[in-house]
Structures are given as structure tokens and as C-alpha cells.
Amino acid sequence: MQIDGSSAVITGGSSGLGAATSRELAQAGARVAIFDLNKDEGKRLASQLNGVFVHCDVADESSATRAFLTAEKQHGIAQLLINCAGIAPMARIVRRSGPHELTTFEEIIRVNLTGTFNCVRLAAASMAKLDPEKNADRGVIINTASVAGFDGNVGSVAYAASKAAVAGMTLPLARDLAEYDIRVVAIAPGAFDTPMYGSLEQRAANKMLNDILSPKRMGQPPEFAKLVRHIIENQMLNGEVIRLDAGIRMAASYSD
């Protein structure tokens, strides 16, 4: 798909991987709509990119529905959806204080999995109404999984479950939407220098670096964004989960 002139929605688009993706697509000529809960950062970035910010709880049906309608009024039906919204609280299944809180598990699933699915279903329903172009996509949907969905470490059971589910629904989504010429791909990032990983203790972060093959460093958000751009422009990428991780296979634990 040609990015220049297309309409794009980026959830979690005001920081980290989402912000880098918003910048990359805007630079490539897309009309960018940033969906996020962070109003200050979202409005600031949208202004810089001549885009639009929409306050949105991705897992809330009415909030997301209103957000897509708002973006559509500004930019037309979204041809590109990149789901970057997510949270990653860490907790072991059994702790001295008792079992893993069910509410924490439910909230992680709500944001990371239900939020992703909610935005996919709304965006895809609108994409399917677009007029088809010869040998072209009607739309491209890119979801964010994680290497934790394949080799999650201690304390990441809820996060790993949510991201494994995002990876697992990639092929069924692609199959469901093939008749509408809508492609679906997931990216599974490894250790990236984002606010999410910035919350790790320094010792844990240093240990994680030891498991990266090469280059031995954290990934940078623009590197994620460049892969997003390549997926959009390369029509042969569909139904796939792409690990973007410098070869990391996460250890069981990074705590002492």
C-alpha cells in the first residue's frame, strides 16, 4: 500500500513505539490520527505532525467507536491501523502477599488483547467498505505482540498471556479479512528503549542485554517504526508474526 495520502490510526501513538510510528508515517505522507489517553503528549505530537489527537480508551466500545468516527471526519476511513497501546505491570502468580490479583490480570488482558481486538474490528469494518483498487490493499492492520508471548520470564504471566493471544489471532484475522484485501501482521518486539522498559530496575535491564545476540543494545523505537513502514509497503507480508529482537531469547528471570 502507498503510505503517501493514506489515513492512519496509531493507538498508543503519543509515546514509545507508537510515537515513533506516528512520526514515521507522517513523514511518509500519511494523515495521522493518534489515539491515546495521554492528552498533553498526544496533542503536542499531533500538532507537530499536522495530525489529529483523539482521546481514546481502546478497550471501551463506545470510546473507541467515537474515536474512529472523529478520525474519519478529519481524515476519511483509516486505511492503516497500527495498534501500539499496551501496559505491562509485573507480578508473580504467588507472592508473600498472596495470589496474583485477578483485577491486575483482567486489566492487562483488557488493554493489550481486548483493546487490540476492539480497534481491529472497528477499523476492519470500515476498511471493508472502501472501493477496491486493482492489485492493491484496502487496508493494512499491524498489531504489537511481544517476545514475552513466546518466552515470557518470571512475573510476566499476565503480560505474556495477552501478547501470546495477540500473536495467536494474527493468522485467523488475516484469513477472515483476505476477501476484503486487508492484510494483518503482528510485530513481536524484544527489548526496546521505551517508557515500558524504562521502568525495569537497572540490574534487570543489564541482565536482559546479556541475552541479546547482536547488536547488544536495546532496540530504538524508530527501528520498530521502519518495520511498520516496510510491512505496509510490502504486499507479500500477511498473516505473519515478525520478531524484532536482535535474536534475544529471554531468560527465566532477570531478578536476583
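Values quoted throughout were computed directly from the atomic coordinates according to the rules given, and no laboratory measurement underlies them. Because the structure is a prediction, the values reported are computed rather than measured. All Cβ positions, even for glycine, are placed from backbone atoms using ideal geometry, and neighbour counts span all protein chains on display.
Counting pairs of alpha carbon atoms under 8 Å apart in space and at least six apart in sequence, what relative contact order in percent does region 7-244 give?
The value is 20 percent.
First select every other residue whose beta carbon is under 11 angstrom from the beta carbon of Ala167; then total the charges, Lys and Arg +1, Asp and Glu -1.
+1
Under 5 Å between amide hydrogens, which residues at least 5 positions from Val241 or on another chain qualify, with H placed 1.01 Å from N in the peptide plane?
Residues meeting the criterion, in which the H sits 1.01 Å from N, are Ala186.
Which of Val241, Val154, Val185 moves most in a GNM of the chain, Cα contacts under 10 Å?
Answer for the Gaussian network model of the chain: Val154.
Order these by the 10 Å Cβ neighbour count, fewest first: His100, His230.
Fewest-to-most Cβ neighbours within 10 Å comes out as His230, His100.
With a 10 Å cut-off between alpha carbons and a GNM built on the chain, which of Pro99, Pro222, Pro195 moves the most?
Sorting by GNM fluctuation, first place goes to Pro99.
Count the net charge of all other residues whose Cβ sits under 10 Å from the Cβ of Arg183, scoring Lys and Arg as +1 and Asp and Glu as -1.
Result for the local shell: -2.
Can you tell me the Rg and the Dmax, both Å, for the Cα atoms in region 68-204?
17.3, 61
Mind sorting out which of (1) 38; (2) 46; (3) 30 is the real percent of Cα pairs over 28 Å apart computed from the coordinates?
Step by step, percent of Cα pairs over 28 Å apart for this structure corresponds to label (3).
Using the Kirkwood radius over Cα pairs, work out the Stokes-Einstein diffusion coefficient for region 99-176 at 20 °C and 1.002 mPa s, in µm²/s as a whole number.
The calculation lands on 153 µm²/s.
Amide H neighbours of Ser253 under 5 Å, counting only residues 5+ apart in sequence or on other chains, H built in-plane at 1.01 Å?
Under 5 Å from the amide H of Ser253 lie the amide H atoms of Val154, each far enough along the sequence or on another chain.
From the P(r) of region 10-55, can you give the percent of Cα pairs sitting at distances over 14 Å?
It works out to 30 percent of all Cα pairs.
For region 41-108, what Kirkwood radius comes out of the mean inverse Cα-Cα distance, in Å?
Kirkwood hydrodynamic radius for region 41-108: 14.8 Å.
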